[in-house]
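Everything on this sheet refers to the single structure shown next.
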Amino acid sequence: MRVHGAGLEFILHEADDGGARLLLRTRTGPGRPAGLRFMDVLLQPGYRVMDRAMLLGIKQRAEE
């Protein structure tokens, strides 16, 4: 998913123990408008909290 030069990507990797590991990759680039880049810097702590909660929720549902 891309919005104004930013991207969000879910990646599933096989783990050595036969399980799987879900990674979340977010990207922003120099083509993103300066105002949005500034807001990204200000909101970064909130993004991290939300991303972690989302991944923990996915993990919990996958283990049920």
Practice task
Looking only at segment 17-37, decide whether some residue is at pLDDT 90 or above and assigned to a loop (DSSP other than H, G, I, E, B).
Solution key: yes
Fill in the blank from the handout: Checked segment 8-49 for anything open to solvent by 80 Å² or more (accessible area, probe 1.4 Å) and either on the phi > 0 side of the Ramachandran plot or touching a helix residue (DSSP H, G or I) at 6+ places or on another chain (Cβ under 8 Å) (or both); matches are T26, T28, Y47
Problem - Matching residues, segment 9-54, being among the aliphatic types (A, V, I, L, M) and in contact (Cβ under 8 Å) with a residue 24 or more places away in the chain - result: L22, L24, L36, M54
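The values are calculated or read from the model by the stated rules, or taken from the named source; none is laboratory data. Note that this is a predicted model, so its numbers are computed, not measured. Because the Cβ atoms are built from the backbone with ideal geometry, glycine has one as well, and the counts that use them run over all protein chains shown. Note: areas computed on protein heavy atoms with side chains; ligands, DNA, RNA excluded. Shrake-Rupley method; radii C 1.70, N 1.55, O 1.52, S 1.80 Å.
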